[in-house]
Each structure stands twice: as structure tokens, then as C-alpha cells.
Amino acid sequence: MWLILSSLIATATPFTPTTLTAHLADIRTERLAQSAPTPTTAEVRRAFAGEIVAGVEIVQNIKAGKGYAIAVLNIAAKDIWRGITDEDHHAGPLMIDVSKTVDGIPRRDHHTLFQYLAIPFFSDRWWLVLQDFNEALFRTSGGKVWEVAWTDRLQDQAFIDTLDPALIDDGIPILWANGAWLLVDLGDGRTFMEYHTWSHPGGRAPVGPMTLFAARSVKSNLEAMVAFSKGHAKTCPASFVKPDGTPL
């Protein structure tokens, strides 16, 4: 399949729903997010037609499902990437109340992000995730595939003990969190965008309703990210880098 991708890049032939679905399956082992969803050709075709496609993948023996959303956008991958990686400005534009880099350098590979969400009728939730850029996949794809994935740091109690208590006193931590944003330059001025999150809410909140809430929120978050990328992130004076660390 890499031969097919190389051919598409070399000839500047745009992806089709069929070739993109095959490519997504082929790069799966190269992704940082091994929890990534597996969209069908039919779902990708709907995305190509302009729909934001969202759903939940049920995982056997684990009650928490993966919420995911995909879309095809008339926005350059580099502009969406700026929005995705500008996490310290996500609170407000996205469905999040606090978003703050607490370890490492904002908008760079391998930094730790704290986020907090107020939830009506339930205890507020917070989480701590390590954000990693997929440099290898960006390079081997010729700069066509951009991925940032997160894994939780909620078991790192020594680090949690260093956090400002004011950040966490009013909420409870979720049990775990994984997910990713993926962008594929389609070669015709458009970008395929995939967002997924897989987490367990913890506490006494019922997993089923919380999973449905997560499924609905991924579509809203993808839409919000697109708007954010078109606006603030595109003109933000902060410095940004590509997945391989080179200036954007």
C-alpha cells in the first residue's frame, strides 16, 4: 500500500473514498494511536460528500466505547494542525473549561496537557494526558499524514502531586484517556480529518450515558476545531511546528 501512496504522491492524483479507506487501514500499524477507529468506505464516502460522520465503536469486554468523527474539509492540513496543537487556547472555543500545558513546551511534541470539564448533574471531570506527534509517519508519508495522539498520565501520582490543587479540587479524575487527531492531505486542496477519543469517566457516573455523551461531543468538538482553526489559530502569533519538529 505504501507503493500506492507513493504513486498517488508522485502523480499528484487525489485520493478517492476507496483509496483513502485502504490507506487508512494500511497505515494503522504506523500510527501512535493504536485505539484509532476503522471507518468504512461508506463512511468515508459520506465524508467526501460533505457530511461530518460520527459514531461509537464498541470494544468487547470494555464498557467505554470509542467516540469518533471524520470529515473532508476545504482547509489546508497545516492550518488545521495549528488549531489542533494550540491546546492552551482550546478552553472556550472547544467543549472544555480548562486546557493548560503543565509539563513540557506548548505546541511541541511530548508535552503534558491538563484539561477540566464541568458536567451538568455529575461531578466535574479532569484528566492529564501526554501529547505525542507522529514524526515517523509524517516523514514516511512525504508530509501528507499528520497525527497527534494522547495517552493518560493519571497513574503518575508523583506528577499529579505537583499540580496546583486549585486545578483539581472541584472535580474528580477520569480513569483513563486515549485518542488522537489525524489529518491526511488529499492532494487536491482538501484535508481528511479524523478525531477520536476513548476514555472511562470514573466515579459513579454510568458509563453508558457518558459514552453517548462522548459520541455526541466528538462531532461538536470537530466542528469547533474547524472553526477555531479558521479563526484564532490561523492568526495566532505563537510559534508552531510540524510533526517532525520543523517550523510551520
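Structure notes:
- Filter pass, Lys242 being more than 18 Å from Phe114 (Cβ to Cβ), at pLDDT 95 or above and of a type in the set (Lys, Arg): yes
- Residue within the stretch 69-91 that is at pLDDT 95 or above, within 23 Å of Asp156 (Cβ to Cβ) and surrounded by fewer than 20 Cβ atoms within 10 Å (Cβ to Cβ) present: yes
- Apart from one condition, Phe114 fits all of (1) touching a residue at least 60 places away in the same chain (Cβ under 8 Å); (2) crowded, with 17+ Cβ neighbours inside 10 Å; the exception is (1).
- Residues in the stretch 230-248 that are in contact (Cβ under 8 Å) with a residue 60 or more places away in the chain, closer than 22 Å to Val145 by Cβ and in contact with a strand residue (DSSP E or B) (Cβ under 9 Å, 6 or more places away or on another chain): Phe240, Val241, Lys242, Pro243, Asp244, Gly245, Leu248.
- Boolean, Gly83 is assigned to a helix (DSSP H, G or I) and within 14 Å of the chain's Cα centre (by Cα): yes
- Selection count where residues are β-branched (Val, Ile, Thr) and in contact with a Lys or Arg (Cβ under 9 Å, 6 or more places away or on another chain), scope the stretch 18-77: 11
- Members of the stretch 157-187 that are surrounded by fewer than 18 Cβ atoms within 10 Å (Cβ to Cβ), farther than 27 Å from Thr29 by Cα and touching a strand residue (DSSP E or B) at 6+ places or on another chain (Cβ under 9 Å): Phe159, Ile160, Thr162, Leu163, Asp164, Leu167, Ile168, Asp170, Ile172, Pro173
- When residues of the stretch 124-150 are limited to those that are of a type outside the set (Lys, Arg) and more than 30 Å from Phe15 (Cα to Cα), the one surrounded by the most Cβ atoms within 10 Å (Cβ to Cβ): Leu128
- Pairs meeting the criteria (first residue in the stretch 37-61 and modelled with pLDDT under 95, second residue hydrophobic (A, V, I, L, M, F, W, C), beta carbons under 6 Å, at least 6 apart or on different chains) are Pro39/Ile70; Ala54/Ala69; Ala54/Val218; Val56/Ala215.
- In the stretch 11-32, of all residues being without any contact (Cβ under 8 Å) to a residue 40 or more places away in the chain and charged (D, E, K, R), the one that is farthest from Asp244 (Cα to Cα) corresponds to Asp26.
- Residue in the stretch 33-54 that is surrounded by the fewest Cβ atoms within 10 Å (Cβ to Cβ), counting only those that are in a helix (DSSP H, G or I) and of a type in the set (A, V, I, L, M, F, W, C): Ala42
- Residues that are under 17 Å from Arg139 (Cα atoms) and either at pLDDT 90 or above or not in a helix (DSSP H, G or I) (or both), drawn from the stretch 9-32: His23, Leu24, Asp26, Ile27, Arg28, Thr29, Glu30, Arg31, Leu32
The values are calculated or read from the model by the stated rules, or taken from the named source; none is laboratory data. Quantities reported herein were computed from a predicted structural model and do not represent experimental measurements. Using ideal geometry, Cβ is built from the backbone for each residue, glycine included, and neighbour counts are taken over all protein chains shown.
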